[in-house]
Amino acid sequence: MKALSLFLTLLVVFGGMPFALAAGGGQGEAHGEKSFQIPRTVSEYEHDREAGVWQKISERAAQDPFNVVATVIFLCAILHTFAAGAITKLAHKAQHAHEERMVAAKRRAQDKPQAGAVDDVSFKAVALHYLGEVEAIFGIWLIPLAAAYVSFFGWQPFTSFIESVHYTEPVFVVVIMAISASRPVIRFAEQLMERVAKLFGGSVAAWWFTILTIGPVLGSFITEPAAMTICALLLSKKFYELEPKPKFAYATLGLLFVNISVGGTLTHFAAPPVLMVVSPWDWDMAYMFRNFGVWAVGGILIANVAYYSCFRKQFADLVDRQTGGSESGVETWEDRRDGIPLSVTIVHLVLLAWTVFNVHNVPLFMFGLLVFIAFVWATEHHQNPIKLRTPMLVGFFLAALVTHGKFQGWWIDPILSALDAVPLMIGATVLTAFNDNAAITFLATQVPGLSEIAKQAVVAGAVTGGGLTVIANAPNPAGQSILQKHFKGGVSPMGLLLGALVPTVIMGMILMIPRMLGIG
């Protein structure tokens, strides 16, 4: 049954391309000279203003049948993420079986030198491993999306569509992750949090609480992707390496994702869903701090205290393991604690600030990345090797998600425009679990006539639901990529959902207070 499921997945992903290219060759001529935009903007759809939500969705599907195709493909990608853990287990089994065949082949070769050799690499295991990479899944499902697009409209419209998609944010995340994961930046953040943790005794619990409180708030100033990278790396070192129980591990991961999502709302430039609305709605830093920031800090503290109280007894086990490990542990090159010159740290922080300041200008922050790489080479005795694999995978994930998200507005817009403030906030929270929260807020800016309270409700819901799934908030893939080695078989989507559920409810209740009272 598992083999059949894998075969069907491969068939869907790769089998449609030849048909699409063949069909596109004929239909491209028919559509090539037409002036149209796919996907359409919200204002281009024609239907009765008094039509209900389902009627609008049905009419839009009828006006543009490709909407349904693109959304079904997107749904398949989401379902694929839930199967990622099972596929990864199949990859490990395939690799283990291949290694056993290699051992058996070596034994046969000793007895019979003419016996055939076994390839060192198992293509089946590698393919399964790739299909189980959460960061790669949405990119994989771009293949049938591209095939369907070409089949419907032709090759030229497809290339025009790709050129119209803005990939600035995925590229920015790659750069900010690479710089923020450097040794000087991590050591600077660690020393800053160490001072806070020592005020509370410097225990595992103190580190846990400090990272999950200070780190997300820092996200409002160094951007959420950078804060996620730093928090995940520190949690890996200070918490997850002590092997907490699975329930505690998932609770911490969910809490991290939710806190990062809301922690970037103290300013108007750090959180992706906020960036989408500040210009169209004319929101500034004072507005964000007053209507979201102070409430978000309160929610973070309440959620952290709630989880600390719930898992308080389990910290004792982690302390015992930490004591046992410190006596026999060997410091690695990457974890060494030798001093870093202040000048080196300052250069890294300046480059980090340069990247944040030029968040919308790809040439400028890419120039900063090149300067960063050159500087690391020049001061390599104070550095760790630059690791671009994780940032590149996360960037690939976000680029694919942005592409898929371009086709989801046709059904999200009617839902958002039909709800009052509180239901709208709840609806935005739920929708965020199935789509990037920046896409939700972007689509809200396309809905005409939203009241100020409705605008606030959309953003509040989008940031509240940003921890429910890995696709809900742009920095989540970065955190999962760094921490998934601590979860057997990879991070389970259901485990993450359950771990994030309580802090999501807490954050939703806190952020709903000013909306219900009309404060702001």
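The values are calculated or read from the model by the stated rules, or taken from the named source; none is laboratory data. Just so it is clear, the structure is predicted and the values come from calculations on it, not from any experiment. Counting neighbours? That spans all protein chains shown, and the Cβs are built from the backbone with ideal geometry, glycine included. These accessible areas exclude ligands, DNA and RNA; they are computed on the full protein's heavy atoms, side chains included. Shrake-Rupley method; radii C 1.70, N 1.55, O 1.52, S 1.80 Å.
Some observations on this one:
- Here is how the number arises for the chain: DSSP H runs of 4 or more residues each give -39500 (n - 2.57), the sum is divided by the residue count, and the result at 222 nm is -23500 deg cm²/dmol.
- The eigenvalues of the Cα gyration tensor, multiplied by 5 and square-rooted, give segment 75-198 an equivalent ellipsoid with semi-axes of 38, 31, 15 Å from largest to smallest.
- Cα gyration tensor, segment 185-240 - rounded (a/c under 1.5), prolate or oblate: prolate
- Accessible-area value, LYS56, 1.4 Å probe, nucleic acids and ligands omitted, Å²: 40
- Whole-percent carbon and sulfur share, accessible surface of the chain, 1.4 Å: 66
- Simple label model, 7 Å out from Cα along Cβ direction - VAL72 to VAL505, nm: 3.7
- Global form of segment 398-520, assessed from the alpha-carbon gyration tensor, a/c cut-off 1.5: oblate
- Surface exposure of the chain, expressed per residue as accessible area with a 1.4 Å probe, stands at 46 Å².
- Relative contact order, percent, the chain [alpha-carbon distance under 8 Å, six or more residues apart]: 22
- When the alpha carbon coordinates of segment 209-298 are projected onto the principal axes, the ranges are 46, 21, 18 Å, largest first.
- Greater than 27 Å apart at Cα, pairs in LYS124/LYS237; LYS124/LYS245; LYS387/LYS485; LYS406/LYS455; LYS124/LYS485: LYS124/LYS237; LYS124/LYS245
- Kyte-Doolittle mean at least -0.5, axial Cα span of 27 Å or more - DSSP H helices of the chain: 2-31, 493-517
- Accessible surface ranking that places the most exposed of ILE373, ILE260 first, with a 1.4 angstrom probe: ILE373, ILE260
- Cα convex hull volume per residue for the chain (Å³): 190
- Listed residues GLU190, GLU243, GLU163, GLU44 arranged by accessible area, highest first, probe 1.4 Å: GLU163, GLU243, GLU44, GLU190
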